[in-house]
Every structure is written in C-alpha cells, then in structure tokens.
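Working notes, beginning with the structure itself.
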Ligand code: C5P
C-alpha cells in the first residue's frame, strides 16, 4: 500500500532522516528533501539516504536565478533522478524552460506565491493583482513553459485543477485531527485536499514528531492518516 503522501525530511541529521525513511518506507515511497538537509549534505547525503531503501525523490530546492544558472543547477542534481524538482514560478518562462530541458526524465515543480505572504506584504512587493489571481497566472505560465507539477495550498487546488487536468498538484498545509498546527495557519485534512483534486499531500511534522527512537508511533500515525483517507 503506497499512500499519496510525500514525507518532508526536515532535518539536518542524516541518521535521523534515514530512521524516518526506514520507519515509513513500507507505506510511503515519496520523500521530500529540502534546503535544510541539502545545503548541509548535498548530493552525497541523498545518495546515503538512497541506501536505506528505494524511494521517489522530491527535491525541494526552490531554484530561482537566470536561465543559464538554473540550467547548470539542474544539471548538477539530474544524476539524482529527482521525480520532482522545485523552482519558483516567479522566475518566468525562460527560467522554467531551461530547468525542464535540463531534467528530461523528471518533473519540474513550480512553486507559486509563497503561502507565508499576506495580501498586504504581497502588495508591498509591487504586485498589483491579488495572491489568488497571481497564483493562477504564474501557474498557467509555468505549465506552458514546461513545468508539469505545481506546489499549492489546499485552498488553491480546485482553482488550479480548473486550469490543468494533467498537472500533478502537490499540497502542503494539511493536518489530521489532533495534530498541532505548528506555523501553518490555514489547513485542510489530507482527504479534503485529495478530494479537491490534489495528487499528493506533503506532510512533515504531523508524522516526524512521532519519532521516539522506535518505528511504532510513526507507523501508527501513518495508519491513522491512511484510515482517514478511506
Ligand atoms: O511539518 P509540515 O507538515 O508543516 O511540513 C510541510 C512541508 O511543506 C515543509 O517542508 C514546508 O517547508 C513545506 N511547505 C509548506 N508550505 C508551502 C510550501 C512548502 O509548508 N507553501
């Protein structure tokens, strides 16, 4: 049974990330490695994680630079065969196309407006449209330029599904009953997000904070999430 869950390995510690993979790899086969882990351990850190078990890699590097520099950056991680590699949609069509061309066997995943922005902060950056309108236009632009997946809030899934039937939609910001919200403000349950058209939910702390040195609590948490999806 593989669940439509991408587990966020938000840690600087290779041994910790390896333990989380080992504990959950029976039911989760997609893991997200972000800047916290990657900037410390790089390609060889991910190669070490791959020794633990087989999994699909969501490499969350949120690339943003001129097209030629992004092309080089993507080439530097292409040998890791990420299934998903994130770039900022705001980098524009040429940057996204350069990334997509450099990763022919993986999916360039566009991150639209960061969910940490409030409307006021967004407007203060000189943006004239609302976050919702901008998200939709950046998403459409990214897909036209060669991205085949999008990271979005569960609250944007329905509207983005409206502009693309085929894009893979990946949503963080989900919580099940009894979870801490942490720093997430607006959340949905994984079932709500998937029912609205998300393909995967990204879950971090709800699962990883269950780690106590043995696999049991993490596995129980995943079982709770799995049963909430049925
Ligand atoms: O621990 P939690 O479930 O909140 O982790 C969510 C993961 O998704 C983190 O790795 C976080 O960086 C990422 N993320 C997010 N919201 C976004 C984009 C990414 O929470 N808008």
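I need the full set of residues from segment 144-179 which are near the ligand (Cβ under 9 Å from one of its atoms) and not in a strand (DSSP E or B), in order please.
152, 153, 172, 173, 175, 179
What single numbered condition from (1) touching a residue at least 60 places away in the same chain (Cβ under 8 Å); (2) on the phi > 0 side of the Ramachandran plot fails to hold for residue 149?
Only one criterion in (1) touching a residue at least 60 places away in the same chain (Cβ under 8 Å); (2) on the phi > 0 side of the Ramachandran plot is unmet by residue 149, namely (2).
Report whether or not residue 106 is in contact (Cβ under 8 Å) with a residue 12 or more places away in the chain and out of contact with any helix residue (DSSP H, G or I) (no Cβ under 7 Å at 6 or more places or on another chain).
yes
Is it the case that some residue within segment 8-25 is more than 30 Å from residue 227 (Cβ to Cβ), touching a helix residue (DSSP H, G or I) at 6+ places or on another chain (Cβ under 6 Å) and surrounded by fewer than 17 Cβ atoms within 10 Å (Cβ to Cβ)?
The answer is yes; a qualifying residue exists.
Could you tell me which of the residues 98, 78 is modelled with pLDDT of 95 or more, surrounded by 18 or more Cβ atoms within 10 Å (Cβ to Cβ) and farther than 21 Å from residue 200 by Cα?
Answer to the check: 98.
With the checklist (1) within 15 Å of the ligand (Cβ to nearest atom); (2) in a helix (DSSP H, G or I); (3) surrounded by fewer than 18 Cβ atoms within 10 Å (Cβ to Cβ) in hand, flag the one item residue 72 doesn't pass.
(1)
Would you call residue 106 more than 27 Å from residue 229 (Cα to Cα) and more than 16 Å from the ligand (Cβ to nearest atom)?
Against the criterion (more than 27 Å from residue 229 (Cα to Cα) and more than 16 Å from the ligand (Cβ to nearest atom)), residue 106 qualifies.
Just one of (1) over 25 Å from residue 190 (Cα atoms); (2) touching a strand residue (DSSP E or B) at 6+ places or on another chain (Cβ under 7 Å); (3) surrounded by 18 or more Cβ atoms within 10 Å (Cβ to Cβ) trips up residue 64, so point out which.
(3)
Please determine whether any residue of segment 50-60 is in contact with a strand residue (DSSP E or B) (Cβ under 8 Å, 6 or more places away or on another chain), part of a loop (DSSP other than H, G, I, E, B) and buried (at least 17 other Cβ atoms within 10 Å of the Cβ).
Looking through segment 50-60, at least one residue is in contact with a strand residue (DSSP E or B) (Cβ under 8 Å, 6 or more places away or on another chain), part of a loop (DSSP other than H, G, I, E, B) and buried (at least 17 other Cβ atoms within 10 Å of the Cβ).
Kindly list, by first and then second residue, each pair from a residue in segment 202-226 that is more than 14 Å from residue 174 (Cβ to Cβ) and free of Cβ contacts under 8 Å to residues at least 40 places away in the same chain to a residue that is within 13 Å of the ligand (Cβ to nearest atom) and in a helix (DSSP H, G or I), limited to pairs with Cβ atoms under 8 Å and residues at least 6 apart or on different chains.
Partner pairs satisfying both residue conditions: 210/221.
State all residues of segment 180-206 that are in a loop (DSSP other than H, G, I, E, B), within 10 Å of the ligand (Cβ to nearest atom) and more than 22 Å from residue 86 (Cα to Cα); if no residue qualifies, say none.
180, 181, 182, listed by residue number.
How many residues, within segment 28-42, are away from the ligand (no atom under 14 Å from the Cβ), over 20 Å from residue 173 (Cα atoms) and surrounded by 16 or more Cβ atoms within 10 Å (Cβ to Cβ)?
Number of matching residues: 1.
The values are calculated or read from the model by the stated rules, or taken from the named source; none is laboratory data. Keep in mind that this is a model prediction, so the values were computed, not measured. Cβ coordinates were reconstructed from backbone atoms using ideal geometry, including for glycine residues, and neighbour counts include every protein chain displayed.
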